[in-house]
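Enquirer: One structure is given below, represented as structure tokens, and several questions about it will come after.
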Amino acid sequence: MTSQLKELEQFLSHSKNAINIKSKNMEDVFELLKVQENLQIIHKRKEEVFLKLEMIEQSLLTLEKMGISKDEDLKKIKHNKEEWNNLLKMAVTVEKDIASPVKAESDKSKENLAKFEEHLKEYYIKMKKEDFYQYKTGAEASR
């Protein structure tokens, strides 16, 4: 149980630091993508972490009923549950805060794609006008 608690504590602290946008430059696309990736990881592991926290807490309560006192671990698990709830609230807030920069970057990417597609079309048209693009078939045309 102690190893599971440590793993959960590490996940919570890493996730909290990873989605903390106060220390990050939200104008940088890569930082924005890292924050989004970590938000997705939090949402993906939401049920798993909640289940682990509940299982550990119930195990500790069962041990306590049997006379094996694990007060320190019980306090840690309650603290971790509070941290988890705070992290989920923080994730929702961060999602709202980064919505504007994400939309701006999305619009820039769409604009760049449209420019690239236009450039590709122009290049294709120029290629069609070149001599090597024009070819004829048949025995007479190949001579």
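Enquirer: In this structure, is residue 58 assigned to a helix (DSSP H, G or I), within 28 Å of residue 103 (Cα to Cα) and at pLDDT 90 or above? Walk me through how you get there before you give the answer.
Expert: On the way: assigned to a helix (DSSP H, G or I): yes; within 28 Å of residue 103 (Cα to Cα): no; at pLDDT 90 or above: yes.
No: the conditions fail for residue 58.
Enquirer: So in the range 1-35, with the set limited to residues that are β-branched (Val, Ile, Thr) and part of a helix (DSSP H, G or I), which one is nearest to residue 75 (Cα to Cα)? Show your work before the answer.
Expert: Taking the range 1-35 as the starting set, the residues that turn out to be β-branched (Val, Ile, Thr) are 2, 19, 21, 29, 35.
Subset that is part of a helix (DSSP H, G or I): 2, 21, 29, 35.
Details: 2: 12, 21: 29, 29: 40, 35: 30 Å.
By that ranking, first place goes to 2.
Enquirer: Another question, if that's okay. Among the residues of the range 118-135, is any modelled with pLDDT under 90 and polar (S, T, N, Q)?
Expert: yes
Enquirer: Taking the range 16-59 as the region of interest, how many residues are over 30 Å from residue 2 (Cα atoms) and of a type in the set (Lys, Arg)?
Expert: The qualifying residues number 2.
Rundown of residues vs (1) outside any helix (DSSP H, G or I); (2) surrounded by fewer than 13 Cβ atoms within 10 Å (Cβ to Cβ); (3) in contact with a strand residue (DSSP E or B) (Cβ under 6 Å, 6 or more places away or on another chain); (4) not small (Gly, Ala, Ser), yes/no style:
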residue: 50; (1), (2), (3), (4): no, no, no, yes
residue: 68; (1), (2), (3), (4): yes, yes, no, yes
residue: 72; (1), (2), (3), (4): no, yes, no, yes
residue: 75; (1), (2), (3), (4): no, yes, no, yes
residue: 81; (1), (2), (3), (4): no, no, no, yes
residue: 112; (1), (2), (3), (4): no, yes, no, yes
residue: 116; (1), (2), (3), (4): no, yes, no, yes
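Enquirer: Now for a separate question. Can you name the residue in the range 55-99 that is out of contact with any Leu (no Cβ under 8 Å at 6 or more places or on another chain) and of a type in the set (Asp, Glu) and, of all such residues, is farthest from residue 27 (Cα to Cα)?
Expert: Top of the filtered list is 71.
Enquirer: Would you call residue 7 out of contact with any Leu (no Cβ under 7 Å at 6 or more places or on another chain) and under 19 Å from residue 103 (Cα atoms)? Break it down into steps so the answer makes sense when it comes.
Expert: Values: out of contact with any Leu (no Cβ under 7 Å at 6 or more places or on another chain): yes; under 19 Å from residue 103 (Cα atoms): no.
Spelling it out, it is not the case that residue 7 is out of contact with any Leu (no Cβ under 7 Å at 6 or more places or on another chain) and under 19 Å from residue 103 (Cα atoms).
Enquirer: Report whether or not residue 98 is touching a residue at least 12 places away in the same chain (Cβ under 8 Å) and either on the phi < 0 side of the Ramachandran plot or hydrophobic (A, V, I, L, M, F, W, C) (or both).
Expert: Details: touching a residue at least 12 places away in the same chain (Cβ under 8 Å): yes; either on the phi < 0 side of the Ramachandran plot or hydrophobic (A, V, I, L, M, F, W, C) (or both): yes.
Criteria met by residue 98.
Enquirer: Follow-up. For the range 38-78, enumerate the residues that are of a type in the set (S, T, N, Q) and free of Cβ contacts under 8 Å to residues at least 24 places away in the same chain. Show your work before the answer.
Expert: Step one: filter the range 38-78 for residues of a type in the set (S, T, N, Q), giving 38, 40, 58-59, 62, 69.
Passing the criteria: 38, 40, 58, 62, 69.
The values are calculated or read from the model by the stated rules, or taken from the named source; none is laboratory data. Everything numeric here is computed off the predicted structure, so don't read it as measured data. Cβ atoms come from the backbone with ideal geometry, glycine included; neighbour counts cover every protein chain shown.
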